[in-house]
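What follows is a set of notes on a single structure, which appears directly below.
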Amino acid sequence: MKVAISVTKAGEGAGLEMRFGRCPYFTVYNSETKEYEWFENAGIKAASGAGTGAAQALLDRGVEVVVSGQYGPKAAQVLGAANIKMLLGSPDLPVAEVIAKWQANELKEYAIQKF
């Protein structure tokens, strides 16, 4: 299973970034191979549509779960429509701890707000 995490930077020492669409980087953890892929979030510089662009980049990588601090409504709509599970994490939580909490089922699921 592939799990994407919005992170503050690439590589060791990265922590969870609270913003999904405007996070500087993402990491994708493959639970089968135990490998990480790090990549810059191209949407961070977008005038609009950062969340939907970030969501599409993760869909293109075959992600099934996303962990972030918060999700914008449009990004949540794209992820939800693709049946991607959205989980919430704490600010600056190290990536290894995010993965450990995910594996222990200790992360709260994001609920899409319906008005």
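Each reported figure results from applying straightforward, stated rules to the coordinates on display, with no laboratory input. Note that the structure is a prediction, hence the values are computed from the model and not measured. Every residue, glycine among them, receives a Cβ derived from its backbone with ideal geometry; neighbour counts consider all protein chains shown.
Given that just one value was derived from the coordinates, which of (1) 12.6, 40; (2) 14.6, 41; (3) 15.5, 53 is Rg and Dmax of the Cα atoms in Å?
(1)
Please get the size of the charge dipole for the chain, origin at its Cα centre, with Cβ charges of +1 on Lys and Arg and -1 on Asp and Glu, quoted in debye to the nearest 20.
That gives the chain a dipole magnitude of about 440 debye.
Testing the spin-label approximation: label points 7 Å from Cα along Cα→Cβ at GLN70 and ALA104. State their distance in nm.
2.6
Express the relative contact order of the chain as a whole percentage, based on alpha carbon pairs under 8 Å and six or more residues apart in sequence.
Computed value for the chain: 28 percent relative contact order.
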